[in-house]
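J.: Starting off with a structure, shown below.
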Amino acid sequence: MRIGLFSDTYLPDVNGVVSSVELLRKKLSEDGHEVYVICTHPGLIKVEKEGNIIRLPGIEFKKLYGYAIASPVHYFLIDDIEKLNLDIIHVHTEFGVGIFAQMCADKLHIPLVRTYHTTYEDYTHYVNFLGLDSIDKAAKKIIANLSKMFGNNCMRLISPSAKTKEMLLRYGIKTPIEIIPTGTELALFNNDNTSLERKFAILQECGIKDDEKLMLYVGRIAQEKSLDLVIRSFKKVKAKGLKVKLAVIGGGPDLENLEKMAKDEGVDDLIYFGNKRPFTEVPDYYHSADAFISASTTETQGMTYVEAMSSGLVIFARRDECLEELLFEDETGFYFDDEDELVSKIEKFLTLDKETYLKMSARSKEITKVYDADLFAEKILKLYEEAISEYHRYYLITKTKLKDDHVVLELENSYHQSEKLIVSLDDFYENGLRKNDKIKISLFDSLKDKEEEVIAYKAALNKLALKDHTIKQMYDYLTKKFEDLSIEKINKIIDRLIERGLLDDAKYANSHIEGFEAKLLSNRHMINMLRKDGVSPDIIKETVLEDDDKEFKKASKLALKYQGSIHNKSFKMKKQMILKKLMNEGYTYDIAMKAIDTLDFSNDIISESEVIRKEAKKAKSRYGRTLNGTDLRNRVYHTLASKGFSSENIYAILSEMEWDDE
């Protein structure tokens, strides 16, 4: 495999990123892979090439990292990178060379993976000169947005620890994140590699007497490492007369300040500042020390802890998530949160007997075996293979069509097969989808999984455009129409419609009450209608107010309407029919009778004889075809009686009529 490792920092710089890049280069090369390192050097024009190392011109930025940061614009070099025929690009920085790597990956169609080495949100003090909260918050927000942009624009994102992964997920990164702790060549930190003479020389260099212990810090000297806390603690160590000294090995922007601080605090005789040392010499310092200390809480992984523990040192550290699988209290070291606790733990350490110390040392070595360099390279190589395989199963966006509430994508895969995909506006903009972009198969699968949800949401909007619906009605509609859609997704659609104010049962109830009132429906009928539509009892109670006077007025109007619609019935039956109709509509007996009492039946009473006469003739004509004489007369009588007319009035009318038996 032909691999390009892109980093703003590389040898001879000494830091965690360099260690990771160099270890990876070495191990992958040993396995027979062709590995190129594209990095920087402090220069403005010339590109330096030495074997498989290509150094781009950059500006030395001592305050932040102490190494050169290159301009991302190197168009003239893209052709040179193309000639390397890289199978994959592995980026170890977000800026400078990192942006150039992204340009190469995009233009040359090479899969790209990233390792997120640095928690930039812990470094905002470098731009927040005034120490203002507003600037700090703004800087952290910018970092989150940039990290999200970079993180989503790669095939895989490597996190050195669970702590860093949680942070990246908090940023909203969708790219698959793999936790792969940076490895180390454990054999380099074997105590037997350092001679007794070399150890003695280092102890002499650090000013250690026979009865004193040496605590060691290795790393960059910068504000975020919180070495000021350690220095202040040593003032209390000195006051207690504890037999221990500190060696600080490393360089950085805060070195002079800390040297001055040690002098001002009167502990410069207890603290030795050794500045930078070549990486090959660092194990010797570990092997000469008794314990390792760091007060930093900004580590993504803390490789110096791993190196120290591989060397058999007991470690002192502030509580931090990245140490949860390394530092076990009283087993591999000691935690502290402030100066007093650190001094207390140092006192405890100095009282350890030899057997306990050796037991802790052995436990430290045992724990760090999982950080073996070969295992690290093996995991990275497997991730490369997955990324390359997935990259060549991409989809190219050939066309985008924006709708009111969704976007239709026309896609073509690497086998030139066409596909259409409907995505939500949120997903479209959040994933930065554009015409002629390539999307990873994992993103395609994710969007495909959401497609039916988008279609269902669109159908719900169309439904609501025609008329209002309750939550229950919409739920029933979606579950029936989209049988394969999970309950979770349907609930998500419902929640979104509620959030947008498109589903509102209270609003639905209030708007329908007006229509119900216009139709003269009773309160009971309105309650049943709303209940059937799925409106909750609480909303119904707030919407349908008990008002007997209003009920009476509606019943009276409805009774008058019924009175005019009932024909050819007796006065008595007409009243009974109106009563029945009102009660069927949900009005109480008392309200219905009160409404009927308001009706004027005088015309019905006056015209009743004429109605009987008319109905009698109709009955006689109807039944006269098959009956005659008394049988016909009796049938007409019963027909009129069934309509509620009184016997007296029926006999009066029948006596007026002519019958065959007379």
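The values are calculated or read from the model by the stated rules, or taken from the named source; none is laboratory data. If you're wondering where the values come from, they're calculated on a predicted model, not measured in any experiment. Here the Cβ positions follow ideal geometry from the backbone for every residue, glycine too, while neighbour counts run over all protein chains shown.
J.: Would you please name the residue that is nearest to Leu530 (Cα to Cα), looking only at residues in segment 479-516 that are of a type in the set (Gly, Ala, Ser) and in contact (Cβ under 8 Å) with a residue 24 or more places away in the chain?
T.: For segment 479-516, the residue satisfying everything is Ala509.
J.: Restricting attention to segment 607-627, and to residues there that are β-branched (Val, Ile, Thr) and in a helix (DSSP H, G or I), which single residue is nearest to Glu658 (Cα to Cα)?
T.: Ile612
J.: Report yes if some residue within segment 404-422 is over 30 Å from Arg496 (Cα atoms), of a type in the set (Ser, Thr, Tyr) and surrounded by 15 or more Cβ atoms within 10 Å (Cβ to Cβ); otherwise report no.
T.: Checked segment 404-422: no residue is over 30 Å from Arg496 (Cα atoms), of a type in the set (Ser, Thr, Tyr) and surrounded by 15 or more Cβ atoms within 10 Å (Cβ to Cβ).
J.: When you look at Val47, is it at pLDDT 85 or above and surrounded by 18 or more Cβ atoms within 10 Å (Cβ to Cβ), yes or no?
T.: When the stated conditions are applied, Val47 does not pass them.
J.: Okay, moving on. May I ask you to list pairs of residues, at least six apart or on different chains, whose Cβ atoms are under 6 Å apart, with the first in segment 302-315 being within 9 Å of Ser364 (Cβ to Cβ) and the second being part of a strand (DSSP E or B) and small (Gly, Ala, Ser)?
T.: Leu313/Ala291; Val314/Ala291; Val314/Gly333; Ile315/Gly333
J.: Just give me the residues in segment 279-337 being in a helix (DSSP H, G or I), in contact with a Cys (Cβ under 9 Å, 6 or more places away or on another chain) and within 20 Å of Asp372 (Cβ to Cβ), in sequence order.
T.: Tyr305
J.: Of the numbered conditions (1) more than 30 Å from Tyr508 (Cβ to Cβ); (2) part of a helix (DSSP H, G or I), Phe645 satisfies every one except a single condition; which is it?
T.: (2)
J.: What about Phe292, is it more than 30 Å from Leu157 (Cβ to Cβ), in contact with a strand residue (DSSP E or B) (Cβ under 6 Å, 6 or more places away or on another chain) and at pLDDT 95 or above?
T.: So Phe292 does not fit the description; no.
J.: Sticking with this structure for a sec: Please find, within segment 92-117, the residue that is surrounded by the most Cβ atoms within 10 Å (Cβ to Cβ) out of those that are in a loop (DSSP other than H, G, I, E, B) and touching an Asp or Glu at 6+ places or on another chain (Cβ under 6 Å).
T.: The extreme case among them is Thr93.
J.: Select from segment 538-552 the residues that are assigned to a helix (DSSP H, G or I), exposed (fewer than 14 other Cβ atoms within 10 Å of the Cβ) and not acidic (Asp, Glu) and list them in ascending order.
T.: Correct list: Lys541, Lys550.
J.: Take segment 235-269 and flag every residue that is among the hydrophobic types (A, V, I, L, M, F, W, C), farther than 27 Å from Gly16 by Cα and touching a residue at least 12 places away in the same chain (Cβ under 8 Å).
T.: Val237, Leu242, Val244, Val267
J.: Another question, then. Would you please name the residue that is modelled with the lowest pLDDT, looking only at residues in segment 271-289 that are within 16 Å of Ile315 (Cβ to Cβ) and of a type in the set (A, V, I, L, M, F, W, C)?
T.: Val282
J.: Where in segment 169-276 are the helices (runs of 4 or more DSSP H), entirely inside, with at least 1 residues that are assigned by TED's automatic domain parsing to the domain that holds Gly302 and within 30 Å of Lys369 (Cα to Cα)?
T.: Correct list: 196-205, 227-240.
J.: Same structure, new question: Could you grab me the full set of residues in segment 1-54 that are assigned to a helix (DSSP H, G or I) and out of contact with any Leu (no Cβ under 8 Å at 6 or more places or on another chain)?
T.: Gly16, Val17, Ser19, Ser20, Leu23, Lys26, Lys27, Ser29, Glu30
J.: Also, I was wondering about something else. Inside segment 395-437, can you point out the residues that are part of a strand (DSSP E or B), at pLDDT below 90 and within 25 Å of Gly151 (Cα to Cα)?
T.: Across segment 395-437, the qualifying residues are Tyr395, Leu396, Glu412, Asn413.
J.: Name every residue in segment 574-608 that is farther than 17 Å from Asn523 by Cα and hydroxyl-bearing (Ser, Thr, Tyr), in order of residue number.
T.: Thr598, Ser602, Ser607
J.: Quick check on my filter: what residues within segment 638-653 are without any contact (Cβ under 8 Å) to a residue 40 or more places away in the chain and surrounded by fewer than 18 Cβ atoms within 10 Å (Cβ to Cβ)?
T.: His638, Ala641, Ser642, Ser647, Glu648, Tyr651
J.: Could you tell me whether segment 458-470 includes any residue that is in contact with a strand residue (DSSP E or B) (Cβ under 9 Å, 6 or more places away or on another chain) and modelled with pLDDT under 95?
T.: Yes, segment 458-470 contains at least one residue that is in contact with a strand residue (DSSP E or B) (Cβ under 9 Å, 6 or more places away or on another chain) and modelled with pLDDT under 95.
J.: Take segment 1-50 and flag every residue that is touching a residue at least 60 places away in the same chain (Cβ under 8 Å), out of contact with any helix residue (DSSP H, G or I) (no Cβ under 7 Å at 6 or more places or on another chain) and hydroxyl-bearing (Ser, Thr, Tyr).
T.: Ser20
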